[in-house]
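The next block holds one structure in the form of structure tokens; read it before the comments.
Each value in this text was obtained by applying a stated rule to the coordinates, not by laboratory testing. Quick caveat: nothing in here was measured; it's all calculated off a predicted structure. Cβ: placed from backbone, ideal geometry, glycine included. Neighbour counts: every protein chain shown.
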Amino acid sequence: MTRSPAAAFQSDVGLEVHVQLKTASKIWCGCPNRYGSPANSDVCPVCLGYPGSLPVMNRHAVELTVKTGLMLGCEINRYSKWDRKNYFYPDMPKNYQISQYDLPLCIGGAVEIDIGGQRKRVGLTRIHLEEDVGKNTHYEGRSSVDFNRAGTPLMEIVTEPDMGSADEALAFLLALKEILAYGAVSDCNLEEGNLRCDVNCSVRPAGDTALGVKTEIKNMNTFKGVHRALDHELKRQIAERTQGGAIVQETRRWDDEMGVTSAMRTKEQAHDYRYFSEPDLLPVVLSKESIDEISSTLPELPKARRMRFEAEYGIPAYDAGVLVADRALADYYEAAAAASGNYKAVSNWVMGEMLRALAETGTEITGCRVEPEALAALVRLVDEKAINSTGAKEVFQEMFERGGEPQGIVEARGLAQVSDTGAIEALVEQAIGEHPDSAQDVRNGKEKALQHLMGQVMRLSRGKANPQLVLELLRERLSPGA
Amino acid sequence: MTGGDMSEFHSRTVHEVAGLLSRGECSAADVTEDLIRAIETHDGAVRAYVHLDPEQALADAHAADVARAAGDDRPLLGVPLGIKDVLNVRQQPCTCGSRILKGYTALYDATCITKLRDAGVTLLGRLNMDEFAMGSSTENSAYGETRNPWDTGRVAGGSSGGSAAAVAGQLALAAIGSDTGGSIRQPASFCGCVGVKPTYGRVSRYGLVAFASSLDQVGPLTKDVEDAALLLEVLSGRDEMDSTSVDQPVPKYRDALTGDIRGLRLGMPREYFTEGMDPEVEASVRAAIEVCREQGAEIVEVNLPHTEYAIAVYYIIATAEASANLSRFDGVRYGARVPGEDPIDMVGKTREQGFGEEVKRRVILGTYVLSSGYHDAYYLRAQKARTLLRRDFDQAFTRCDAIVAPVAPTAAYRLGEKKADPLQMYLGDILTVPANLAGIPGLSVPCGATTDGLPVGLQILGPAFCEERLLRIAHAYEQASGGRRPPPSMHPESKGAGS
């Protein structure tokens with residue numbers, strides 16, 4: 001049996017993920033750390049690299065990095081330091097980037113991913129903190145630089161080459177993003193460049209222990225882009241190797257429009273960054289107490305929360321997954337579930353009507369008008385059969401648009417379910433009278449016709465009849481013996 | 001008050017003028033006008049100033065007079081000072097002696113400038129220097145060399161040559177300079193004024209355009225020790241904007257000027273009195289040390305065994321840091337810009353044409369010692385040797401309270417004499433760079449002259465944050481040796497063979 005070329009090779013993928021931290025100010029100065037200001041307005045002598053200016057470390061940026069390290073199971077370096085990484089580029093205010101070279105804040109750690117139902121551990125090499133650079137725009141014969149972004153605290157998470165495919169890399173990024181969002185260390189907004197990723201990948205004949213020659217891919221702006229670029233690059237490497245060619249260690253650029261990678265620079269052309277200790281900043285010394293303090297602020301992580309949701313609320317793994325994926329949504333669910341007690345029903349409402357309405361209106365759960373207690377009250381009305389499901393959806397929509405209490409809406413709209421047997425009997429008679437053929441079909445045992453008649457009764461009741469009662473009365477009235 | 005016409009404020013010290021001002025015996029405008037007149041008359045020969053805005057200086061002086069009339073009694077209110085062209089002063093040029101910063105106007109005040117302003121000081125003008133403080137003669141300035149007021153055919157020393165020449169030449173009451181490897185002490189010695197290089201971290205570096213960040217310190221150049229104490233007190237203290245500034249209480253430095261140095265042990269390092277030293281310089285320094293002994297100090301011999309490595313270590317560490325510090329001068333955001341085909345080309349051309357020879361030499365040297373494959377052999381080894389040099393001083397200070405030595409192996413040399421031979425120029429820094437490498441304070445106080453009438457300086461080094469002790473010794477010596485030396489005659493015919 002001949003094996004496909006892809007099966008004869010094993011892929012090894014490692015990522016460098018850059019995360020903009022959610023601090024009020026920049027990493028070395030007091031300028032606001034925010035997106036979308038007019039070009040070169042959030043700047044000062046420090047983040048513009050003016051002569052004589054000096055950096056002063058933003059402690060909060062360090063704390064958020066340590067928090068990330070703790071969430072990801074890293075070892076926190078009690079003593080770390082800053083280094084200058086030297087290279088010229090017009091978007092770099094100082095033409096060196098203050099980063100961390102040999103003593104980063106965090107070492108090791110891992111992220112667990114789910115691949116086809118199997119758990120897999122992707123190891124981390126390190127996490128360090130550095131400064132973001134400005135943004136270049138090139139026009140015909142002219143270039144401009146916006147330095148608003150320069151000095152944004154940027155955390156770099158470096159993984160081991162533990163991922164075996166583009167799918168695994170994507171799963172890693174999604175899992176990482178979920179954790180970062182849980183820790184509130186970053187807004188994780190991809191459109192605003194909060195999360196950016198470089199990829200290292202190589203292929204080796206299956207069974208070989210030594211990694212193949214790697215290439216680095218840059219310029220992916222979305223997670224989908226990372227997946228496509230990796231998929232393309234791994235296939236390119238395998239094709240190259242299959243045809244007896246060799247992989248050149250180089251940096252390649254992803255062209256999202258063309259869907260290809262192309263060589264940017266080889267190892268020989270690689271930068272010599274000439275790292276050395278940053279003399280303008282003191283080393284970062286973290287006391288055990290300060291690390292413990294950050295430890296005490298750690299949120300329950302998504303994985304643990306999913307497991308707890310399954311155990312505590314007895315909801316299916318699928319539900320837990322959907323709810324926990326968004327920390328705010330999960331918080332909402334917990335509040336509503338606690339107020340209700342009918343955990344599965346609340347889950348159905350949140351995953352169904354709520355997510356649909358949020359998506360349709362582009363709203364965030366945090367800005368939702370439906371209070372968790374109101375949703376719980378709605379579930380109770382349904383459980384008590386005071387309202388049927390059609391009415392309940394109408395009430396939900398009303399609450400979503402304008403807020404308010406379900407009971408009040410039910411009363412105001414006359415949506416209370418009719419369970420008065422006499423009233424429903426009259427409607428049943430009316431429906432049978434109007435649809436004698438269907439009635440006959442039911443008598444002949446045709447279930448479908450029963451559904452039709454039931455719909456007619458509900459229509460006549462303007463949706464308010466208790467469907468259970470309608471069904472019972474119809475069956476009673478049209479039983480074969482009747 | 002010592003001699004001279006009442007209107008000759010320019011020949012007075014800061015504390016004298018501050019006294020006249022506070023007693024209402026003159027106005028700040030009188031003082032500033034007199035200094036501007038002196039500069040206009042004599043700076044053509046000395047070339048200490050690179051920027052002077054007489055109108056602004058006078059306006060500031062008038063403002064100080066108005067404030068005083070309204071009851072403002074800050075100690076230095078209305079005292080004008082000269083500033084080395086390496087410190088940012090808002091809305092003033094700051095060229096660092098370089099073409100690449102031509103046209104640059106500072107956006108903010110350096111912290112030490114803010115402190116001086118808070119004390120009431122007004123700013124007279126900007127003083128020449130070796131480009132980016134790289135040099136020991138102030139011949140490496142894109143704006144022409146500064147000359148020694150004692151002999152305008154000779155160098156003023158460097159890199160704070162403009163500051164020292166202005167103070168010695170009576171063109172400034174005092175000046176603020178910076179010292180990375182002797183840049184305050186050596187020109188002070190060459191020009192015959194007092195210069196203090198404070199402990200690393202004593203004075204904020206915020207706003208000082210960096211040459212070598214782990215070595216740079218700001219300090220005063222003054223006519224006497226009392227002024228040095230006065231200004232050091234103003235400049236010193238922790239600054240939130242400089243993480244390397246140290247939170248140590250700032251003493252009242254003038255209280256240390258008791259004249260009493262009895263029982264103090266002064267160490268003479270064997271390695272600082274070696275062959276190659278000008279015999280007249282050595283004789284002056286030994287005579288000064290003898291004066292200290294007569295004042296009750298005990299003279300002991302000490303060893304600083306790693307001194308021979310200091311020059312190599314210094315020129316590796318300083319150039320490595322400088323290679324990164326000077327990267328920001330690229331024409332993108334400020335300063336001169338030479339157009340190019342694309343941004344990268346523009347940066348290359350701007351740096352090629354903007355930097356002078358010595359700066360390029362040091363940037364290339366610094367880039368080399370940090371390069372992959374050479375980093376460990378040069379930069380890392382230099383860092384280890386720096387630790388050894390620091391330990392030399394720790395060891396020495398167990399045996400003595402302060403170290404006394406020459407500042408430089410020679411007095412001021414002729415213009416152009418060493419310019420062609422950078423290594424010779426570097427070797428002249430051997431006695432000053434160790435203090436920067438160790439982070440300890442150093443002071444230069446005039447101690448006589450050569451037979452040519454060229455000033456010689458006595459260097460006093462002490463443990464970190466012991467500036468009080470250095471000032472006390474310098475002051476005791478100054479008083480015992482007859483007080484401040486008379487200034488050089490500045491008549492045009494006394495000018496030397498300078499071009």
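Would you mind classifying the range B:150-302 by shape? Square roots of the alpha carbon gyration tensor eigenvalues, ordered a ≥ b ≥ c; an a/c under 1.5 is rounded, otherwise it is prolate if a/b is larger than b/c and oblate if not. Because a/c hits 1.5 or more and a/b fails to exceed b/c, the range B:150-302 counts as oblate.
What's the tally of Lys pairs in the range A:348-482 whose alpha-carbon atoms lie under 24 angstrom apart, where the two lysines are 8 or more places apart or on different chains? Before the final figure, lay out each step's value.
Working: A:LYS385/A:LYS393; A:LYS385/A:LYS464; A:LYS393/A:LYS464; A:LYS448/A:LYS464.
Counting lysine pairs in the range A:348-482 gives 4.
Sort B:GLU55, A:GLU278, B:GLU16 so that the residue with the fewest other Cβ atoms within 10 Å of its own Cβ comes first and the one with the most comes last.
Values: B:GLU55 9, A:GLU278 24, B:GLU16 18.
Neighbour counts put them in this order, fewest first: B:GLU55, B:GLU16, A:GLU278.
Rounded to the nearest Hz, the phi-derived 3J(HN,Hα) couplings of the range A:353-369 under the Karplus curve 6.51 cos²θ - 1.76 cosθ + 1.60 (θ = phi - 60°) are 4, 5, 4, 5, 5, 4, 5, 4, 9, x, 9, 8, 4, 5, x, 6, 7, where x marks glycine and proline. Across the range B:417-433, coupling constants 3J(HN,Hα) worked out from phi with the 6.51/-1.76/1.60 Karplus curve, θ = phi - 60°, read 5, 10, 4, 7, 10, x, 5, 4, 5, 4, 5, x, 8, 4, 8, 9, 5 Hz, and Gly and Pro carry x. When only alpha carbons are used to place a centre, the range B:84-138 and the range B:413-433 end up 24 Å from one another.
How big is D for chain A, in µm² s⁻¹ as a whole number, if Stokes-Einstein is applied with the Kirkwood radius of its Cα pairs at 37 °C and 0.692 mPa s?
Numbers: Rh = 26.9 Å.
Estimated diffusion coefficient is 122 µm²/s.
Pairwise inverse Cα distances across the range A:9-293, averaged and inverted, put the Kirkwood hydrodynamic radius at 19.9 Å. Distant-in-sequence amide contacts of B:ILE299, defined by a placed amide H-H separation under 5 Å and a gap of 5 or more residues or a different chain, comprise B:LEU266. The range B:286-313 and the range A:169-229 have Cα centres spaced 62 Å apart.
Charge tally for A:GLU334 (other residues, Cβ to Cβ under 15 Å; Lys, Arg +1; Asp, Glu -1): -3.
The spread of Cα positions in the protein assembly as shown, taken along each principal axis and listed from longest to shortest, comes to 140, 80, 58 Å. The magnitude of the dipole of the protein assembly as shown, with charges of +1 and -1 set on the Cβ of Lys/Arg and Asp/Glu and taken from the Cα centre, is near 1320 debye.
Backbone phi angles across the range A:33-40, fed through the Karplus curve with coefficients 6.51, -1.76 and 1.60 (θ = phi - 60°), yield HN-Hα couplings of 9, 8, 10, x, 6, x, 3, 6 Hz in residue order; Gly and Pro are listed as x. Which whole-angstrom value gives the distance between the alpha carbon centres of the range A:435-453 and the range A:74-94? Each part's Cα centre sits 77 Å from the other's. For the range A:9-293, the Cβ-based charge dipole about the Cα centre amounts to some 240 debye (Lys, Arg positive; Asp, Glu negative; other atoms uncharged). Listing B:ARG74, A:ARG59 from fewest to most neighbouring C-beta atoms within 10 Å gives A:ARG59, B:ARG74.
Just list whichever of B:LYS252/B:LYS384; A:LYS81/B:LYS349; A:LYS135/A:LYS235; A:LYS218/A:LYS288; A:LYS26/A:LYS120; A:LYS26/A:LYS177 have alpha carbons separated by over 26 Å in the model shown.
On the way: B:LYS252/B:LYS384 36 Å; A:LYS81/B:LYS349 34 Å; A:LYS135/A:LYS235 32 Å; A:LYS218/A:LYS288 38 Å; A:LYS26/A:LYS120 36 Å; A:LYS26/A:LYS177 22 Å.
With Cα atoms farther than 26 Å apart: B:LYS252/B:LYS384; A:LYS81/B:LYS349; A:LYS135/A:LYS235; A:LYS218/A:LYS288; A:LYS26/A:LYS120.
Protection proxy ranking of B:18-31, A:156-169, B:214-227, by the mean of other Cβ atoms within 10 Å over each peptide's residues and highest first, is B:214-227, A:156-169, B:18-31.
Would you work out if the range A:247-309 is rounded, prolate or oblate? Take a ≥ b ≥ c from the square roots of the eigenvalues of the alpha-carbon gyration tensor; rounded if a/c is under 1.5, else prolate when a/b is larger than b/c, oblate otherwise.
oblate
Mean sequence separation of contacting Cα pairs (under 8 Å, at least six apart), scaled by the length of chain B, corresponds to a relative contact order of 18 percent. Note on B:LYS84: aspartates and glutamates with a C-alpha under 13 Å away, same-chain residues under 8 apart excluded, are B:ASP130, B:GLU131, B:ASP179.
Neighbouring Cβ atoms within 10 Å as the yardstick, rank A:MET258, B:MET268 fewest first.
Numbers: A:MET258 9, B:MET268 17.
The order, fewest Cβ neighbours first, is A:MET258, B:MET268.
Under 5 Å between amide hydrogens, built in the peptide plane, is the criterion, and for B:GLY153 it picks out B:GLY496, B:ALA497, B:GLY498 among residues at least 5 positions away or on other chains. Once C-alpha pairs closer than 8 Å and six or more residues apart are averaged by separation and normalised to the residue number of chain A, the relative contact order reads 13 percent.
Relative contact order for the range B:201-283: 28 percent, from Cα pairs under 8 Å spaced at least 6 residues apart, divided by residue count.
Based on the Kirkwood radius over alpha-carbon pairs, what value in µm²/s does the Stokes-Einstein equation return for the translational diffusion coefficient of the range A:304-448 at 20 °C and 1.002 mPa s? Result for D is 125 µm²/s.
Amide H contacts of A:LYS22: A:SER186, A:ASP187, each under 5 Å away and 5 or more positions distant or on a separate chain (H built 1.01 Å from N in the peptide plane; Pro and chain starts excluded).
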